[in-house]
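Worksheet: the structure to be examined is printed underneath.
The values are calculated or read from the model by the stated rules, or taken from the named source; none is laboratory data. Here the structure is a predicted model, which means the values were calculated and not measured. Cβ placement follows ideal geometry from the backbone for every residue including glycine, while neighbour counts extend to all protein chains displayed.
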Amino acid sequence: MTVAAEMDRKLRAALQPTALEVHNESDQHSVPRGSETHFRVVVVSEVFAGKPLVARHKLVYEVLAAELSSGVHALTITSRTPEEWAASPASLVSPPCLGGSKAG
């Protein structure tokens, strides 16, 4: 199973999202081809209701603790309730890579 697929499985099981996207953005960074090190996730879940942004991200980090400690180098998170997502369905954009061979 790919890292992206495992992240998807874990987030679905733990947060029961109404919408979930897991994007492997490793190809935009200075890593070997086929790497799974840089991700962007969009999670829409009722679990986030009443929680501040830091608490929401902490939940995502806890769910993905194994991946974050074993190879996932970067994680961009958009965490919304279904109502927030309906009002503003835009997700965060990961910053451009400035390291390694892609430095300008």
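In the set 6, 46, which member is surrounded by fewer than 16 Cβ atoms within 10 Å (Cβ to Cβ), under 16 Å from residue 80 (Cβ atoms) and touching a helix residue (DSSP H, G or I) at 6+ places or on another chain (Cβ under 8 Å)?
Going through 6, 46 in turn, just one is surrounded by fewer than 16 Cβ atoms within 10 Å (Cβ to Cβ), under 16 Å from residue 80 (Cβ atoms) and touching a helix residue (DSSP H, G or I) at 6+ places or on another chain (Cβ under 8 Å): 46.
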Residues to consider are 34, 71, 50; find the one that is at pLDDT 95 or above and assigned to a loop (DSSP other than H, G, I, E, B).
50
Note on residue 71: of the conditions (1) in contact (Cβ under 8 Å) with a residue 24 or more places away in the chain; (2) of a type outside the set (A, V, I, L, M, F, W, C); (3) under 19 Å from residue 91 (Cα atoms), unmet is (3)
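Rundown of residues vs (1) touching a strand residue (DSSP E or B) at 6+ places or on another chain (Cβ under 9 Å); (2) surrounded by 15 or more Cβ atoms within 10 Å (Cβ to Cβ); (3) touching a residue at least 12 places away in the same chain (Cβ under 8 Å), yes/no style:
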residue: 27; (1), (2), (3): yes, no, no
residue: 40; (1), (2), (3): yes, yes, yes
residue: 52; (1), (2), (3): no, no, no
residue: 59; (1), (2), (3): yes, yes, yes
residue: 64; (1), (2), (3): yes, yes, yes
residue: 67; (1), (2), (3): yes, yes, yes
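Results for (1) touching a Lys or Arg at 6+ places or on another chain (Cβ under 9 Å); (2) under 15 Å from residue 2 (Cβ atoms), shown as yes or no for each residue.
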site	(1), (2)
14	no, no
18	no, no
24	yes, yes
39	no, yes
62	no, no
What about residue 42, is it of a type in the set (A, V, I, L, M, F, W, C), at pLDDT 95 or above and under 12 Å from the mean Cα position of the chain (by Cα)?
yes
